[in-house]
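The values are calculated or read from the model by the stated rules, or taken from the named source; none is laboratory data. Computed from a prediction, not measured in an experiment: that's the story for all the values here. Note that each Cβ is placed from the backbone with ideal geometry, even for glycine, and that neighbours are counted across all protein chains shown.
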Amino acid sequence: MDTGEGATTAMRCGVGDWVMARTSGCMAFRPLLYDGTDPQHGGMSTNVKRDGGQLTDPQAELTPNTKARKTPSAALTLTAGLLGFALVCLDASIVNVALPAMGSSLGGGMAGLQWVVDAYTLAFAALMLSTGAFSDRAGATRAYALGAGVFTLASAACGLAPNLPALIGARVVQGVAAAVVLPASLALVRQAYTDPARRARAVAVWAAGGSAAVALGPVVGGVLTTAWDWRGIFFVNLPVGALILVLLVRAPRSQRRPAPLDLPGQVTAVVALTALTFAVIEGGAAGWAALAVAVVAAGAFLRIEARRPHPVVPLGLFRNRTVAVTVAAGAAVSVAFYSMVFVFSLFFQQVQGRSALQAGLMFLPMTGLIAVTNVVAGKLAGRHGARLPMVVGQGLAVAGLLVMLFVDADTPPVVVALLLVPMALGCALTVPPLTAAMMDAVPAERAGLAAGVLNAARQMAGALGIAVFGALISDGFVSGMRLSLVISAALLAVTGLLSFRLAGPSASSA
């Protein structure tokens, strides 16, 4: 199977989902985006323009003055794009270890802590369906400046939040801004480099920045929460956001381009996802009307998408079995990975009584090895096709999750940290090949749309996983944790079996 050139990312930030650049085989857990340097592959609507089914080079959005810019301007643009992407990735993973401190300071119980995480992820995931088109219409530079500016202001609002509702509201704004920052930052990096080889290297650097941010997030969050206060995890964004805006002064200026926006589809998607998450988190206490709203909104969404000429989710993609299975596998991986980071961040502190810093350090073995595993997964997929790394990866994750059933309050934290490694490595081994299999299974003119669907599905699955598993552990932490492990393992076992049938070297023709 040809791994091609391009960059894909699969956030949670937190979020997060990092980045797998197909040219370098690195980083698996961030939202998927195609670099588009390979003429056979497109990108999300941020990076490509479709005219009569054809993909055009995003360099077309550069003005003549932009094309004349020298290397220093390109380097500054890369720095600005990398910092923004790293920032939105950091804010997904930095929050988890600070949750107990937030709960002690602001109250709200388990449901409140779930909303602190999911408010960001829901906004991020749902709006990424349309923010690529918004970036096209506004121009990548303008969109990125707007997103980075709003994200910085929202971070200040999070740090100054006097109560939990204010914090959750500010997190929603952060998520909206992050959904704009991600595609616009990649578009900026791509348009700054006209040479395909240099562009591919720049995208790989951009991707690595997001991966590093996710890996460092728990540790940075632990350090800031222990040495200062939980509010410090948001205030740290302010100087970075200011630096991004300064760097954008020298960034290339992007032209605005027409791009279709499916507002009815976007609105019903947001309503359905938010109502479903609310029903899971608050249903027992607030009644189940939200579930009915979610069902009605989901039905309206499907009806709208079936009739729109430019839907945010092209339902026809799912007629391809490879697309359907890879989206399901990506969602299962996100449920397992993101939910376990959430659950064990609380386990280390609330059950084992460790500090935020100690909890953050417990994730280092897991996160430190993921980038290496991504490289291995990329090479295996290129040599043997997607089936081998996908099946092995999901099998390894299932085994790791089942072994963790023996963890309890008396298990040494270092042992728990090491037991998290197989699950994380299995997920990291799975994401790059499933991404490649999906891209190879769709026509070039639909690659960007497919990328957006996979990206959004993974983020939404992570958010719903946190909602469900948070509800389970609120009724008894260790028993709820074990049930969460079983559910995650079952999901991955099913998608692993499906992957064995569909993710071989010939999957693209399935």
Within region 383-434, the count of residues that are of a type in the set (A, V, I, L, M, F, W, C) and closer than 20 Å to Gly353 by Cα comes to 12
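Listed here are the residues, each with its yes/no results for (1) surrounded by 23 or more Cβ atoms within 10 Å (Cβ to Cβ); (2) farther than 20 Å from Met110 by Cα; (3) touching a helix residue (DSSP H, G or I) at 6+ places or on another chain (Cβ under 8 Å); (4) not acidic (Asp, Glu).
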site	(1), (2), (3), (4)
Val403	no, yes, yes, yes
Ala409	no, no, yes, yes
Val416	no, yes, yes, yes
Pro422	no, yes, yes, yes
Pro433	yes, yes, yes, yes
Val442	no, yes, yes, yes
Gly452	yes, yes, yes, yes
Ala457	no, yes, yes, yes
Ser474	no, no, yes, yes
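Every residue, every condition in (1) in a helix (DSSP H, G or I); (2) more than 24 Å from Leu247 (Cβ to Cβ); (3) modelled with pLDDT of 95 or more, yes or no:
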site: Asp118; (1), (2), (3): yes, yes, no
site: Thr121; (1), (2), (3): yes, yes, no
site: Ala125; (1), (2), (3): yes, yes, no
site: Phe134; (1), (2), (3): yes, no, no
site: Leu146; (1), (2), (3): yes, no, no
site: Val150; (1), (2), (3): yes, no, yes
site: Ser155; (1), (2), (3): yes, no, yes
site: Arg171; (1), (2), (3): yes, yes, yes
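Residues are listed down the side, and each one gets a yes or a no for (1) surrounded by fewer than 16 Cβ atoms within 10 Å (Cβ to Cβ); (2) over 30 Å from Pro413 (Cβ atoms):
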{"position": "Val325", "(1), (2)": "no, yes"}
{"position": "Ala329", "(1), (2)": "no, yes"}
{"position": "Phe337", "(1), (2)": "no, no"}
{"position": "Leu346", "(1), (2)": "no, no"}
{"position": "Gly353", "(1), (2)": "yes, no"}
{"position": "Met362", "(1), (2)": "no, no"}
{"position": "Thr373", "(1), (2)": "no, no"}
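Please find, among Leu76, Leu55, Leu62, Leu106, the residue that is more than 30 Å from Gly353 (Cα to Cα), among the hydrophobic types (A, V, I, L, M, F, W, C), surrounded by fewer than 24 Cβ atoms within 10 Å (Cβ to Cβ) and modelled with pLDDT of 80 or more.
Leu76
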Does Phe235 qualify as being surrounded by fewer than 18 Cβ atoms within 10 Å (Cβ to Cβ), touching a helix residue (DSSP H, G or I) at 6+ places or on another chain (Cβ under 8 Å) and under 25 Å from Val341 (Cβ atoms)?
yes
If we take region 332-448, then helices (runs of 4 or more DSSP H) inside it with 3 or more residues that are modelled with pLDDT under 85 and either in contact with a Gly (Cβ under 6 Å, 6 or more places away or on another chain) or of a type in the set (A, V, I, L, M, F, W, C) (or both) are 364-384, 413-440
